[in-house]
Amino acid sequence: MNDQTPLLTIDQGTTSSRAILFAANGDVLQLEQKELQLYYPHKGWVEQDAEDIWHDTLACCKKILDKAKTHPVAIGITNQRETTVVWEKDTGKPLYNAIVWQDRRTKEVCAALKEDGHEEMVAGKTGLLLDPYFSASKIQWILDNVEGAREKADAGELAFGTIDTFLIWRLTKGKVHVTDITNASRTMLYNIVEQDWDDELLALFNVPRSMLPEVKDNVAHFADTDDSVFGHVLPIGGVAGDQQAALIGQGCTKPGMIKATYGTGCFALMHIGDQFKVSENRLLTTLAYRIDGKIEYAVEGSIFVAGAAIQWLRDNMGFFSNAAESESLARSVEDSNEVYFVPAFTGLGAPHWNPDARGMITGLTRETTKAHITRAALEAQAYQTLDLVSAMEGDSGYEVNVVRVDGGLVANRFMCQFLSDMLDCDVQVPKNHECTAWGAAVLAGVYAGVFDSLDNAAEQWVCKDLYTPDMDEDVRHKNRDGWDATIAQYS
Ligand code: ADP
C-alpha cells in the first residue's frame, strides 16, 4: 500500500454535493462542498434539480483536481439512495426534477399495491417493504405524469438512474449507463436473490426494462470519465449507496458487525453474511456489497428523527443555543426522572413502522426541568437504537458485542455512553469520521490495487473513542421497561 496514492470520492448527499481527496491511510487531503437546494412543491413532495446535482459535483471535483499535486488513481462514488432521475438518452436532459427519497407522493399507489396483497412477493424478491421511499413508484409517477414520457419510454428513448448512474452518464458524456448492486437493490425493481432486474416487478410498476442501467459489483471498472470533463481520463472504480458505503468505511466486513450513523436521522446496518433472509421484524434486507461476484447481505433499520430532536429542542423550544450544550445540560441532572421522549415527529420507523405516530414526552411532574427533557431526548437515541438492534439480533441470530457509530451526534459523549449502557455492548467511534466517503474511496482503492481487499482496508480502521457498559443491570431493566411502556402507547 502506498500512502501517497490519492483516491477521489464523490459524495452526493441529500443536503450537499461533496468531493474529497483521500490519502490511502484515510487522511483527508482536500474537501470541497456545495449545499444543495431542496424543493417542496406540494405537501409531502421533495425534489432537487438534477442539473444542480451535476454542476455542483463537477465544480467540487474540478476544484480538487486543479489543486491536487498528483492525479487520483481512481474515483469512488457514494450517493443518496433511491432518489430518482429520468432523462432522454439522446440529449441527456432530465424529463423532470430528481424525486428525492423522502418524497411521499406515491403513498396511495404503494398502499393500493399493499392492499392488493403484493407486499409478500415484493419483500421476497427485494427485501423491501412497499413504500414510496424506493425508486420504482417514483419512476412510474414520472412516466405517467410528465407529458409524452410514457410514449418515449415505450420507444426506448428514456434512461432511469439513481444519482450514481446519472453522474456517471454525465461524466462519460452519455456513453455509459451503469449502477452498482447496492443502489440497484433500493429501486424495488431488482431481485436481490436472483441478482437481476425482475420482470414481475417491472410489470407491477409498469417500467420498461430498456430504461434500466447495467448492474455491476461494487468494485468494477464502471467507466472512464470522458477526457473533456476533467481534461484527462480517470477511471471510476467503486460505487455504493451511502449507507452501504458507511458500512464499508466503518470496516464492518464480518457478519454480525453493525454501524449506526447518527445525523438528522439514524441509519443502522448489520452485516448478515451471504444468505438472503426476509426480516421477521419489519427491518429491510438489503445488499451490503458484492465483490468478485461474491454477495453479502445486510439488514437495515432507520430512525427518522435522531439529531433532529436536539435541533428541535434548540430551535423550537429554545432550551440551548448550540447542540453541544445539550450534553452539559443532560449531565446537570442525575437521571431523566422517568421522563421519556419519543421524537416521532414524522412517524416511527423500524421496527415499529407507524407513519401516523407523532412525538410524545411522558412522565412530566412539577420537578421536571429542561435538563430532564434534554436528557430524555438524548436517551431516546439509545432506546430507539436498542429496539433496532434487538430486532437485528432476532433476525440474524448474531449477538451484538460492538456497535460502530458515526455522524454529528456522536460528538455527544453522554449519548455515546448511555448507548453503550443500554445496549450493554461496546460503542466505538472511529478516528476517520468521514466514514461514508471513505467507504467509496476504499472501493475505488480495491479497484486500483491500493488495497488487496475490503478486509485489508478494514484492518486500518482505528478507534478514536471506546465506550464500555457501566450501568447496573436493574437500572438498565428499569429504563428499558419505562421505554417499552411508553412506546406501547402507540400500538
Ligand atoms: P446530517 O448529515 O444528517 O446533516 P450530521 O451528521 O451533520 O447530520 O449531524 C447533525 C445533527 O447532529 C444535528 O441534528 C445536530 O442537532 C446533532 N448534533 C451535532 N452535535 C451534537 C452534540 N454535541 N450533541 C447533540 N447533538 C448534536
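Below is a table of values for the structure above.
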| quantity | calculated |
| --- | --- |
| Relative contact order (percent, whole number), the stretch 374-491, Cα cutoff 8 Å, 6+ residue spacing | 27 percent |
| DSSP beta bridge pairing in the chain, given as percent antiparallel to the nearest 5 | 70 percent |
| Descending principal axes extents, the stretch 196-266, alpha-carbon based, whole Å | 43, 37, 27 |
| Cleavage-rule hits (GluC sites (Glu not before Pro)) in the stretch 249-317: DSSP loop, at most 13 neighbouring Cβ within 10 angstrom | Glu280 |
| Loop-located chymotrypsin sites (Phe, Trp or Tyr not before Pro) in the stretch 329-358, at most 15 other Cβ atoms within 10 Å (DSSP) | Trp353 |
| Paired Rg and Dmax values of the stretch 218-376, which use every Cα atom, in angstrom | 21.0, 69 |
| Lys, Arg +1 and Asp, Glu -1 on Cβ, resulting dipole of the stretch 7-243 about Cα centre, debye, nearest 20 | 680 debye |
| Fraction of beta bridges assigned by DSSP in the stretch 7-243 that are antiparallel (%, nearest 5) | 70 percent |
| The chain: angle of helix 135-145 to the longest principal axis, Cα-based, in degrees nearest 10 | 60 degrees |
| Spatial separation of Cα centroids for the stretch 197-247 and the stretch 297-339, in angstrom | 37 Å |
| Projected-area average for the chain over all orientations - Cα convex hull basis, square nanometres | 21.9 nm² |
| DSSP-assigned coil residues among GluC sites (Glu not before Pro) in the stretch 314-381, each with at most 10 further Cβ atoms within 10 Å | Glu334, Glu367 |
| Cα centre as origin, Lys/Arg/Asp/Glu Cβ charges: the stretch 258-303 dipole, Debye | 60 debye |
| Cα-based convex hull volume of the stretch 340-465 per residue, rounded to whole Å³ | 141 Å³ |
| Shape box of the stretch 7-243 [Cα atoms, principal axes, largest first, Å] | 58, 36, 32 |
| All lysines inside 17 Å of Lys62 as judged from Cα atoms, apart from same-chain residues fewer than 8 positions distant | Lys34, Lys173 |
| DSSP loop trypsin sites (Lys or Arg not before Pro) with at most 10 other Cβ within 10 Å: longest gap in the chain | 70-365 |
| Of Lys63/Lys216; Lys277/Lys478; Lys125/Lys216, pairs whose Cα-Cα distance is over 27 Å | Lys63/Lys216; Lys277/Lys478 |
| Cα centre as origin, Lys/Arg/Asp/Glu Cβ charges: the chain dipole, Debye | 1040 debye |
| Over the stretch 337-397, volume per residue of the alpha carbon convex hull, in Å³ | 78 Å³ |
| Lys/Arg +1, Asp/Glu -1 at C-beta; the chain dipole; positive extreme among Asn432, Leu65, Asn401 | Leu65 |
| Options Thr385, Thr369, Asn354, ranked by Cα towards positive dipole end of the stretch 315-432, top entry (Cβ charges) | Thr369 |
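Every read-out reported here was derived from the displayed coordinates using simple, explicitly stated rules and does not represent laboratory data. In this text, all values refer to a predicted model and were calculated from it rather than measured experimentally. Glycine gets a Cβ as well: all are built from the backbone with ideal geometry, and neighbour counts include every protein chain shown.
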